[in-house]
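Worksheet for the structure shown next.
Just so it is clear, none of the values below were taken in a lab; they were calculated from the coordinates. Just so we're clear, the structure is a prediction, and the values are computed from it rather than from any experiment. Neighbour counts are summed over all protein chains in view; Cβ atoms, including those assigned to glycine, are modelled from backbone coordinates with ideal geometry.
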Amino acid sequence: MRVMVVWCPDWSVVAALDEADRSPRAAAAVLSANAVEVCNGPAWSEGVRRGQRRRDAQARCPELLLLPANPDRDARAFEPVLATVEDLRPGVAALRPGLLAVRAPGSWYGTEPAAAATVCQALVEVGVWDVRVGIADDLFTAEQAARTADVQAWTVVPEGGSASFLSGLPVHVLQDDGPRGRELVSLLQRLGLRTLGDLADLPGEAVEHRLGAYGAAVRRRARGEDTALFAARTPPPELDADAVFEPPLDSVEAITFSVRTTAERFVAQLAHHQLVATGVRVEAESEGVVCSSRTWLHPRHFGARDLVDRVHWQLQGADVGGSLRGRKASGEVRAPIDRIRFVPEVVEPAAAHGEALWGSASDDLVERGVARVQGMVGFEAVLRPALQGGRTPSARQSLVPWGERAVDLRPVDRPWPGRVPGPAPVRVFATPPVAEVVDDAGREVCVTDRGVVSGVPRRFRVGDGMLPWQPVTAWAGPWPTDEGWWSGGTGPSARFQVVGADGRAWLLVRAPEGWSLEAGYD
């Protein structure tokens, strides 16, 4: 069996630039853990390398565009590539975003170079410009052949020629095998082995004794004896659902009423595949042109009534673009709508969203009630709190519209130095009132830049008569922070947990401008 590998270099950067609507020729890099994970050609030419820290990469290329890592985004963007190759040769296996394998379709297209040329042309027609193809007897050799090809070109290794082709390649091609590959490359270089041919010439027993089972497997790859197989994926089902209007409708209420059956069919066909949609893109077409498109997210999963509500909000909302902008006061749209399409953006197994032991009837009633309120006051007017990472109680709060999934939240599982440990306070003041804290001598308690307290807190009060002077029976802290110092932020501050004589606990903050009451534990 001959294997064809299609490689689209720097795919994470390509997908991120497309999502950010930036030029593909811009110097860009994808960051993970504050280090460069992938960089494109323009960034490479400026000296940016994989594994560099953020500041080192920016020092090499000041105009470098830094993009966040997102494996889900990369996989979604690679789906059209898989579908295009699948149309030419069924049995595609997605090795990772940017790399796929398939049985070489040489006999169908005449020759293997002709098959590679057909694949390259098909991908260029769908907008993938940097595509490279490799064909060989095994998966590893085919991948290395694709990596040696030029842009929109191919490398075909003759039958039985894998060992001779691989022998001249440097050992650093194994670095793409993850941490184990990078560790092995470092060891091989220290042993004086520079090429895969050097590794292939070593005795098999000696390699397995010194490098273990993984090293022995790599030696077999270097000899062209790779036995790794790939599993062809099952083409995903068509889950889109369209509602076509003949004649076109110009009434929001008529459109909303007419899409109900389509919404039910959309949810039913997802359920048939044991799936639910947590992200759906709703598109409205007028005369064959998409004039309104928005992706809606759901905290659980979409039902038919949820989809109908989203269509109503989208057509009536101020963010509708194109010819729909400027809705008439009578509830009509300016351009008649001839098609509404539901496209599932994020689907998940239905088993992950099963009902609780006692069902979800009460939750449904609450959601329907809130949806009615949103219909009266607007989608963005009804908010719910969401927890995110942060050092202060107020920074850990985020408000998102009810029915929308919270996105772009700071991760909760980070260390967040200076964060006050739990339990979390019950009440957080939107505008912290001014407070005073003094020591035994009546002097104000201060905190130095190094977090040293000038005296033991003995008494405190909160201005505007909220809390009169009372003794401190217990206190903990300080927890110093210095946020935004690089951009003229709030400056150094320190937080104290204080228990008053009445038994109530408070969270007090000592900032450069003085003391304030941030939260209460009552």
A correct Karplus calculation of ³J(HN,Hα) over the range 506-520, with 6.51 cos²θ - 1.76 cosθ + 1.60, θ = phi - 60°, whole Hz and x for Gly and Pro, returns 9, 10, 9, 10, 10, 10, x, 8, x, 8, 8, 9, 8, 7, x
Debye calculation, C-alpha points only, no solvent: report log10 I(q)/I(0) for the chain at q = 0.10 Å⁻¹, in the same order as the q values.
-1.06
Answer with one residue from Leu507, Leu95, Ala217: the one whose Cα lies farthest towards the positive end of the charge dipole of the chain, charges on Cβ with Lys, Arg +1 and Asp, Glu -1.
Leu507
Enumerate the amide H contacts of Trp296 below 5 Å, restricted to partners 5 or more residues apart or on another chain; note that Pro and chain-start residues carry no placed amide H.
Val280, Arg281, Val282
Magnitude of the Cβ-charge dipole of the range 427-520, K/R +1 and D/E -1, about the Cα centre, nearest 20 debye?
240 debye
Under 14 Å from the Cβ of Ala57, count the other residues' Cβ atoms, weight Lys and Arg +1, Asp and Glu -1, and hand me the total.
+2
Long-range amide H partners of Leu95 with built H, under 5 Å
Leu100, Ala101
